[in-house]
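Colleague: To start, I am sharing the structure in question, which I have written as C-alpha cells.
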Amino acid sequence: MSDQGAGVFVGGITFVRNSICRGNSPDELDILTSTTYLDISSCEIEGGWTSAGSNNFNADPDFMSPINLRLSLGSPCIDTASNGCCADEDLEREFIINFTQRGVFQIAEDSQDQKIIGFQVLEPFATYTHAFDHVAMIATFVDLDYRRRGIGMCLSEVTFEIARGKGYEKIFTFVRADNPAALQFYLDLGFRIVGTAQKQAKIGDKYIDEIVIEKFL
C-alpha cells in the first residue's frame with residue numbers, strides 16, 4: 001500500500017504474479033511510458049485490471065485487520081494463486097534472449113547489495129519498413145529508493161553512445177502527462193516536446209494524455 005502515486009511504478013518490462021494491490025492512490029498501477037509492458041496475472045487488483053495478463057479479480061481480500069495484513073480464513077484470495085504463472089524469471093530471460101540485435105538493454109546494479117536498481121531499454125521505432133531505421137524508442141526505470149542520484153543520466157549516456165554506433169539518429173517516445181518527474185528527466189537529457197497525444201493511455205476508466213518527445217543524437 002502506498003500514498004506515493006501507485007502500488008507499482010512501471011517503466012519497462014514487468015511481470016506481476018500472485019499479488020494483492022489495493023489501497024494506493026491515485027492509481028494502483030503507474031505505467032511511466034507507452035513503451036512499457038506490464039503483465040499481471042493471478043492478482044487481486046482494486047478496481048480491476050483489463051490489460052495484459054489473466055485470472056485477475058477485484059474483491060475485498062479480507063485481511064485480519066487494517067494493520068495485520070494476513071488473510072482471514074474466508075479470504076477470496078486463498079487458493080486462487082497459480083503456481084504455473086510464477087516463472088517470471090523464465091519470461092524475462094526469454095525476452096532478453098529474443099531481444100532485437102539493434103536494441104540496447106542497460107542495467108544499473110548496486111554493487112554493494114548486488115541488486116538491480118534500474119534499467120533502460122532502447123528498441124527500433126518500427127520494423128515493418130526501413131524508413132524508420134534511424135529512429136528508436138526508449139523506456140527508463142529506476143528504483144524509487146535510488147532516484148535523483150544520476151542513475152538514469154548514467155544509463156542514458158551509455159545508451160546514447162551505443163545507439164549512435166547502431167545507426168540511430170533520433171530517439172522518440174511518450175511520457176504520461178501526469179508524470180512530470182519523468183518528463184523533466186527526459187527534458188534534462190535534451191529531449192524536446194513535439195506534441196500531445198490526447199487520451200493515449202487508459203487506466204481503468206481514466207484516460208490520460210501522453211506527451212510526445214524526441215531527441216536527435
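Colleague: Are any residues in region 191-208 over 17 Å from the mean Cα position of the chain (by Cα) and in a strand (DSSP E or B), and if so, which ones?
Modeller: Within region 191-208, ARG192, ILE193, VAL194, GLY195, THR196, ALA197, GLN198, LYS199, LYS206, TYR207 meet the criteria.
Colleague: Here's another thing I want to ask about it. Within the bounds of region 194-214, is there any residue that is under 15 Å from LEU122 (Cβ atoms) and exposed (fewer than 13 other Cβ atoms within 10 Å of the Cβ)?
Modeller: no
Colleague: Right, next: Within region 169-190, can you find the residues that are surrounded by fewer than 21 Cβ atoms within 10 Å (Cβ to Cβ) and not in a helix (DSSP H, G or I)?
Modeller: Correct list: GLU169, LYS170, PHE172, ALA177, ASP178, ASN179, LEU189, GLY190.
Colleague: Starting from region 39-59, keep only residues that are surrounded by fewer than 18 Cβ atoms within 10 Å (Cβ to Cβ), then list their pairs with residues that are of a type in the set (S, T, N, Q) whose Cβ atoms are within a distance under 6 Å, requiring at least 6 positions of separation or different chains.
Modeller: GLY48/ASN58; SER54/SER41; ASN55/SER41; ASN55/SER42
Colleague: Still on this structure, please answer the following. From (1) farther than 30 Å from GLY47 by Cα; (2) surrounded by fewer than 14 Cβ atoms within 10 Å (Cβ to Cβ); (3) touching a residue at least 12 places away in the same chain (Cβ under 8 Å), pick out the condition that doesn't hold for THR159.
Modeller: (2)
Colleague: Filter region 73-95 down to residues that are surrounded by 12 or more Cβ atoms within 10 Å (Cβ to Cβ) and within 17 Å of the chain's Cα centre (by Cα) and give me whichever is modelled with the lowest pLDDT.
Modeller: Ranking the candidates gives ASP88 first.
Colleague: Could you check region 42-70 and list, in sequence order, the residues that are outside any loop (DSSP other than H, G, I, E, B) and either touching a His at 6+ places or on another chain (Cβ under 8 Å) or modelled with pLDDT of 75 or more (or both)?
Modeller: GLU44, ILE45, PHE57
Colleague: Looking only at region 122-140, filter to residues that are in a strand (DSSP E or B) and in contact with a helix residue (DSSP H, G or I) (Cβ under 9 Å, 6 or more places away or on another chain); which one of those is surrounded by the fewest Cβ atoms within 10 Å (Cβ to Cβ)?
Modeller: Top of the filtered list is PRO124.
Colleague: Still on this model: Does ARG147 count as within 26 Å of ARG17 (Cα to Cα) and not assigned by TED's automatic domain parsing to the domain that holds ASP209?
Modeller: no
Colleague: A further question on this structure: Would you confirm whether or not region 122-133 contains a residue that is among the hydrophobic types (A, V, I, L, M, F, W, C), at pLDDT below 90 and over 18 Å from the mean Cα position of the chain (by Cα)?
Modeller: Looking for residues that are among the hydrophobic types (A, V, I, L, M, F, W, C), at pLDDT below 90 and over 18 Å from the mean Cα position of the chain (by Cα), one finds at least one in region 122-133, hence yes.
The values are calculated or read from the model by the stated rules, or taken from the named source; none is laboratory data. Keep in mind that this is a model prediction, so the values were computed, not measured. Methodologically, a virtual Cβ is constructed for each residue, glycine included, from the backbone with ideal geometry; neighbour enumeration extends over all protein chains shown.
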